[in-house]
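Notes follow once the structure below has been shown.
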Amino acid sequence: MLNVDDALRKLSDLALPVLDSEAIPLSASNGRVVASIIEAPMDVPPFDASAMDGYALHAHDLDLDLNQDQGLTVVGESKAGHVYQDPLVPGTTVRIFTGAPIPNGTAAVVIQEDIERNGDQIRFRVSPEIGENIRSQGHDIAKMQLLAKSGDRLDAYKISLLAACGVTEVTAVRRIRVALFSTGDELTDPGSPLGPGQIYDANRTALRELVSERPVEVLDLGALPDDPQAISRALQTAVETADVVITSGGVSVGDADYVKDVVAQVGSLDFWKIALKPGKPLAVGRVGNALFFGLPGNPVSTIITYLLFVAPTIDRLCGMPDSTPHQLPAILQGTIEHHRGRREYVRGIFRINGNRITVSPNGDQSSNRLTSFANANCLIVVPERTDGIKPGSIVDILLLPTDRAHIWTG
Ligand code: AMP
Ligand code: MG
């Protein structure tokens, strides 16, 4: 059996980045992968601006002595969005607000907390340094600065950077086309009544939702019976357009497990069976120009093999650089039973207690138990060569890509 790392290496040789790109509006670019470099078309801020609410000072007036010198006469006002046209003359000042362009000749801005104002006269106690409280032109973003490069995935932060420079359109890698179907005579879609011996198809929903977190177009081919001809037809439909075909079920060694045989007939199988728990029967191959992933049918196995193998492959096809999972050491609370041989991924819950991260397995780890994912926020990695892990041991955890890890998590 292939170990997980060798399987991932083989897979990265099979997955070649998609090179097609398209121009898309910035407003529709969240989650998309950039296909070329983007340089700032302008400086931000586009002019020297005040960083504070205060008063603009001429260089001659920076060192005024509060006790001896006269104050400065306020001759006007500069608000954000408005330009004070006249140059600043020594002995005068302009009331100025955060983000407003500074008048020509301004050497510094004294903050309003540091002045005393009497009618149109101000005096200040603390003299600012030259340039103080002025945001110079391009202080945030300099024209021609690199803002994004091929392979960068856009998010709210990067998109706002582009918007600040007036960018309205980006060149993005086209969406990866993912076809998926589940297999199993027992499967029914939620919404239809269950016949005897039937269950609802959970995996297709899991896969649809998981792939939708990436820049993909989904072709959902439904739940298919355990019928080689139906599977073959669906595969051929899928590969007319798809870059990736994902199936669930029918890749194990049961009498009704036809999927990998059909793939071997209409395409080729590159590998099958991984030293992995759960998810051993994973099958990977090619049909037409598409990469094929036959994920095992037990829902936990489906999700684990998706996260470990399919998700990074989609990223790679998008042209994103290869990444390593977010892995952290944590102190195990509880015991993990394990037999040597396969690497196991145990659904867990980690907590941050002061400067310690602790983790507990999230209940019964049977591969049919979707509830083991329900509150989980990580996977505990159990290495191939271990006979079980004792409480208090340091284990590696992989953070699950979930909103449960956002900054407000208590
Ligand atoms: P298989 O990999 O086809 O042998 O299926 C293994 C187990 O997973 C069986 O108990 C199936 O009933 C179950 N299973 C297969 N496909 C799905 C699915 N789409 N949703 C929920 N359970 C499934
Ligand atoms: Mg089955």
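Observations on the structure shown:
Per-residue answers, yes or no, for (1) under 30 Å from Thr358 (Cα atoms); (2) within 16 Å of ligand 2 (Cβ to nearest atom); (3) touching a residue at least 12 places away in the same chain (Cβ under 8 Å):
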site: Ser248; (1), (2), (3): no, yes, yes
site: Gly254; (1), (2), (3): no, yes, no
site: Gln265; (1), (2), (3): no, no, yes
site: Ser268; (1), (2), (3): no, no, yes
site: Ala275; (1), (2), (3): yes, no, yes
site: Val284; (1), (2), (3): no, no, yes
site: Ile304; (1), (2), (3): yes, no, yes
site: Pro312; (1), (2), (3): yes, no, yes
site: His338; (1), (2), (3): yes, no, yes
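- If you check Val216, Val126 for being within 26 Å of the chain's Cα centre (by Cα) and either of a type in the set (A, V, I, L, M, F, W, C) or surrounded by 13 or more Cβ atoms within 10 Å (Cβ to Cβ) (or both), only one passes: Val216.
- In the stretch 167-188, residue nearest to ligand 1 (Cβ to nearest atom) [restricted to those that are small (Gly, Ala, Ser) and on the phi < 0 side of the Ramachandran plot]: Ser182
- The residues of the stretch 344-392 that are in contact with a helix residue (DSSP H, G or I) (Cβ under 7 Å, 6 or more places away or on another chain) and of a type in the set (S, T, N, Q), listed by number, are Asn362, Gln365, Ser367, Asn368, Ser372, Asn377.
- Listed here are the strands (runs of 3 or more DSSP E) enclosed by the stretch 19-80 that have at least 1 residues being in contact with a Leu (Cβ under 6 Å, 6 or more places away or on another chain): 54-58.
- Criterion (farther than 30 Å from Val34 by Cα, among the polar types (S, T, N, Q) and assigned to a strand (DSSP E or B)) met by exactly one of Thr358, Thr386: Thr358
- Filter result for Val218 (in the same structural domain as Val287 (by TED's automatic domain parsing), assigned to a helix (DSSP H, G or I), in contact with a helix residue (DSSP H, G or I) (Cβ under 9 Å, 6 or more places away or on another chain) and on the phi < 0 side of the Ramachandran plot): no
- Residue match in the stretch 244-258 (condition: within 16 Å of ligand 1 (Cβ to nearest atom), of a type in the set (A, V, I, L, M), at pLDDT below 95 and surrounded by 13 or more Cβ atoms within 10 Å (Cβ to Cβ)): yes
- Qualifying residues in the stretch 221-246 (those that are assigned to a loop (DSSP other than H, G, I, E, B) and free of Cβ contacts under 8 Å to residues at least 60 places away in the same chain) - the one farthest from ligand 2 (Cβ to nearest atom): Asp227
- Subset of the stretch 196-216 (residues that are within 16 Å of ligand 2 (Cβ to nearest atom), without any contact (Cβ under 8 Å) to a residue 24 or more places away in the chain and of a type in the set (Gly, Ala, Ser)): Gly197
- Glu116 vs. criteria not assigned by TED's automatic domain parsing to the domain that holds Gly31 and not in a strand (DSSP E or B): no
- Number of positions in the stretch 163-176 that are buried (at least 19 other Cβ atoms within 10 Å of the Cβ) and in contact with a Ser or Thr (Cβ under 8 Å, 6 or more places away or on another chain): 3
- Figure legend. Inter-residue proximity from the stretch 10-37: first residues over 21 Å from Ser212 (Cβ atoms) and not assigned by TED's automatic domain parsing to the domain that holds Ser160, second residues of a type in the set (Lys, Arg) and part of a helix (DSSP H, G or I), beta-carbon distance below 9 Å, spacing 6+ or different chains. Indicated pairs: Leu11/Arg316; Ser12/Arg316; Leu16/Arg316.
- Put simply, of Arg117, Arg174, Arg135 the only residue that is touching a residue at least 60 places away in the same chain (Cβ under 8 Å) and more than 21 Å from Glu213 (Cβ to Cβ) is Arg135.
- Residues of the stretch 325-354 that are modelled with pLDDT under 95 and small (Gly, Ala, Ser): Gly354 alone.
- Hey, Leu180 in the same structural domain as Lys260 (by TED's automatic domain parsing), out of contact with any Cys (no Cβ under 7 Å at 6 or more places or on another chain) and either assigned to a strand (DSSP E or B) or farther than 30 Å from Ala230 by Cβ (or both) or not: yes
- Hey, Ile304 in contact with a strand residue (DSSP E or B) (Cβ under 6 Å, 6 or more places away or on another chain), part of a strand (DSSP E or B) and either surrounded by fewer than 24 Cβ atoms within 10 Å (Cβ to Cβ) or of a type in the set (A, V, I, L, M) (or both) or not: no
- Restricting attention to the stretch 268-322, the residues that are of a type in the set (Gly, Ala, Ser) and within 21 Å of Pro383 (Cβ to Cβ) total 3.
- Taken as a whole, the condition of being surrounded by fewer than 17 Cβ atoms within 10 Å (Cβ to Cβ), under 30 Å from Ala290 (Cα atoms) and either outside the structural domain of Gly341 (by TED's automatic domain parsing) or aliphatic (A, V, I, L, M) (or both) does not apply to Ala59.
The values are calculated or read from the model by the stated rules, or taken from the named source; none is laboratory data. No experiment lies behind these values; they were computed from the predicted model shown. So basically every Cβ, Gly included, is an ideal-geometry build from the backbone, and we count neighbours across all protein chains shown.
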